Structures are given as structure tokens and as C-alpha cells.
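See below for the structure under consideration.
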Amino acid sequence: MNKEVIKSVMLDSQIEVSSCELTMRDFAFEDFGNYVFVGIRRAGKSYLLYQRIQQLLAQGHGWDEMLYVNFEDERLVGMTLQDLNLLLEVHLEMYGKKPVLFLDEIQNIVGWEKFARRLADSKHKVYITGSNAQMLSGEIQTTLGGRYITVEVYPYNFKEFLTANGLILSEQSLFATRSRAEIFKLFNDFYQFGGFPEGASLSTKRNYLTSIYQKIYLGDIAARHSITNTFALRILFKKVAESIKQPISFTRLAHIVSSTGAKVGTQTIINYMEYAKDAWLLTPVQNLASKLVDKETKPKYYYTDNGILNLFLLDAKTSLLENLVAITLLRKYGRENAVYFYNKNIEVDFYVQETATAIQVCYDLTGADTTLDREVTALLKLSKVIECRQLLIITRDEERIIEMKGMSIQVIPIWKWLLSF
């Protein structure tokens, strides 16, 4: 790798990062921490690095104290683990100082974790991003040796989406007619097209979302794992989208995909779903009431962003509601073994162990009386089986309190619930 190329990349990046206009995200950086930011492509991980750099610049630090590199820059194609030390050499030759390092999409360099470990051991401050969940594998975490704080980054939440569109919430926002109407308008946009930062203010979002999905599906999954049967992969993701609200087994997915003429076995489907999880496209939620085997083989799957899910569906309103609730919970409480559904003669959509909260998701409770009875009955039954400190029914628009059998159930519209996070 040529040092002059690295120097050019570094100097161009300084101009780009310094001049980028950001919507500041609600994240507090610890001065003593080294960070690894992981998550789906285009979720805003790079913007978090930009945010930290701009904070340091505002505090009086200069580029002589910082080094930013985006490893997706085509000029760095072919860079290897052995070349990474050139970054330090070039910066030292330019400025003569030990820098804080910002290493963007570093998963493109095989063995990057060894370099990251050495940086931490030599007391460098380091901020890293990556779009591959394998960055969190046990082997890599062992190599890093607990020297980094791992942060999962999702696309904008609803509050951030409002801010990105110029609406700053206040105590009066929910009561003033004009601001309330604007919140509803922006929520409809967020609900259907999700929260990818670069698309937040676009008037036409579908093409942008399609390009993100194609990059994940063909690049992060198919190309990275040398999958030639991309037709089977596409059918699989469409079927998962159509099954958002129901648990589905690997065996059934294999049968469905094979029925289209793209013959695949169960093990292949398991591999594909793991690849999708690694790319942060899909996240499983397990059944708390199941035995271990069923927990692992019959989860419910959710898309990391409503915008991508909406690409697959014609009448998506109910699926989008449950998907949005799931992703909000996963963002808040963690991706692994924090959020469940419960189905053992009692069907409850979500249960959060940390807060002992049981949640039903229902688009509309004003229809048949059996709808309300079904949702309420399930929550009350669950409260007799496991601890439930809070019972919720999240709807599209309705709000009230239901008192029944000594229990209080809060019915809350999704937009208001989202603003509580």
C-alpha cells in the first residue's frame, strides 16, 4: 500500500468530516472509552464518528491529534492487516503526534482485531465501526480483551427522525395544533419508510431504500458468502417479511423456498438466516416458553428497519406496527436474549424480562369485541404465569386505560409510545 495514497485519503477525509452537517444523536461518549460501533449498513455509524470528531474540534483539538479513515474508500482496496501500521506512520510523518484513531468499516480488513488490540494496549484512543455482526464473535472479543465498549447502532428512532426533519419537541408540542399535526405527518413517513439517516429528509425514499437493501442482500450477504443462488435468497427474505408476526421454522422456510424451484436444504436456510443476522438485516426474537431447541429453530424474525420491510409488502400496516415495536424494544434492551414473545397456550407478542413488561400489538381495537377480549385475556393470563409489572397494548391510534380483575392495562398509540424512549 502506497503511503501517498493513504495521505491523500486522510486529507480528503478531514475536509469531508469537518464540513458535514449532522443531526446530533443522543449518545454520550465516555472520555476513557474505546468504542466499537456495529449495526446495519447506513444506520449512521459513520455519523457517530463524525459527531465525536466535530465535538473534539469544537473543544479546540485539531486534525494533528486525530486520524480518520474509511476502509470502504476504493483507494484502499487491497489493504491488508500488515498495511494498517502505515496509518500511524503517515500521521506521525505529517504531524509528529500520537493520534486518536477513527477507523470506519474496518471489517473489510481481515484480522483487524489484532491491530485494534495493539492500539488499545499502546494507549491509543480508538473508535471503530463495522457492519458485520461477526465483529462480536467470541474469538474477536477474546482478542480485544475487554478493551472496547461495543455499541449497537440502529437507524434513527422517532425522536431523532423528528429532529432531522427540523421539529424540536417541547412540552407544548403534543398540545399545539400545528406541531401535533406535523408530528403525525412525520410519523406516517417514519412508519412506512423507516429511519435511515440519509433518507430521513428525502421526499422520495423508496429508491434509496431499495439501493440499501440491494447492497446488503447482494454485497454483505451473497457476495461475502459466495452465494450463487441469489433467487433462493430473495424468495427467503420475501417470505420472512410476509411472516413477520408469526414464528417460522427453518424446515418450513426450506420447503417454501424449494417449492419455487430454487431447491435448498434446511442447513442452507440456517446458514442464510445467520448471514442475514450477521449483516443486521434480520433479528430473531425467541419464544420464552419454549424449550431450547424450539427457541433456536422457531423464532419470529424482524427487519432492522420498517423501510426495508415495506419494500416486500403490499398491505403492510399491521406488520409494520409489530416490526416497529420489536425493533424499538431490541434497540432499548439489546439484541440478544432480552426480548421474547410468549406462546404456550397464551399468545403474547412481547415480554421484556428486564422490566417485566408484557406487550400486545394490535392495529385497531375498535372492531369486533373479540379483538379487545383476545388481547386483554392473553395479558391477564400471562400475569398469572410470570411476573408482569406493566401490561401494554400498543395500537395505531387508540389510547385509554383498561381496569380488569385488579390489573391495569395501558392502551397507547405507537407514536406516543415511541416518544417515551
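Since every read-out is calculated from the coordinates, none of them should be taken as a lab result. Note that the coordinates shown come from a computational prediction; the quantities given were computed from them, not determined experimentally. As a convention, Cβ positions derive from the backbone with ideal geometry for all residues, glycine included, and neighbour counts pool all protein chains shown.
Listing for the model above:
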{"quantity": "Karplus (6.51, -1.76, 1.60) ³J(HN,Hα), θ = phi - 60°, over region 329-343, in Hz, Gly and Pro reported as x", "calculated": "5, 5, 4, 6, 10, x, 7, 10, 6, 10, 10, 9, 10, 10, 8"}
{"quantity": "Residue with peak Gaussian network fluctuation, the chain [Cα springs, cutoff 10 Å], from 370, 230, 143", "calculated": "370"}
{"quantity": "Fraction of antiparallel bridges per DSSP, the chain only, in percent to nearest 5", "calculated": "35 percent"}
{"quantity": "Quotient of C-alpha Rg and 2.2 N^0.38 Å, computed over the chain", "calculated": "1.06"}
{"quantity": "Least to most buried among 5, 100 (fewest other Cβ within 10 Å first)", "calculated": "5, 100"}
{"quantity": "Local electrostatic count, residue 56, Cβ distance below 13 Å [Lys/Arg +1, Asp/Glu -1]", "calculated": "-1"}
{"quantity": "Partners for residue 97 among lysines (Cα-Cα distance below 20 Å; same-chain residues under 8 apart left out)", "calculated": "3, 7, 123, 125"}
{"quantity": "In sequence order, calculated HN-Hα J values of region 403-409 (Karplus, 6.51, -1.76, 1.60; Hz; x Gly/Pro)", "calculated": "9, 7, 6, x, 10, 10, 10"}
{"quantity": "Under 12 Å, Cβ to Cβ, from residue 246 - net charge with Lys/Arg +1 and Asp/Glu -1", "calculated": "+1"}
{"quantity": "Most mobile listed residue (19, 243, 131) in the chain, GNM with C-alpha springs under 10 Å", "calculated": "19"}
{"quantity": "HN-Hα J in Hz across region 288-305 - Karplus 6.51, -1.76, 1.60, θ = phi - 60°, x for Gly and Pro", "calculated": "4, 8, 8, 6, 3, 4, 5, 4, 7, 9, 9, x, 9, 10, 10, 7, 5, 9"}
{"quantity": "Highest-MSF residue in the chain out of 116, 28, 289 [GNM, Cα springs under 10 Å]", "calculated": "28"}
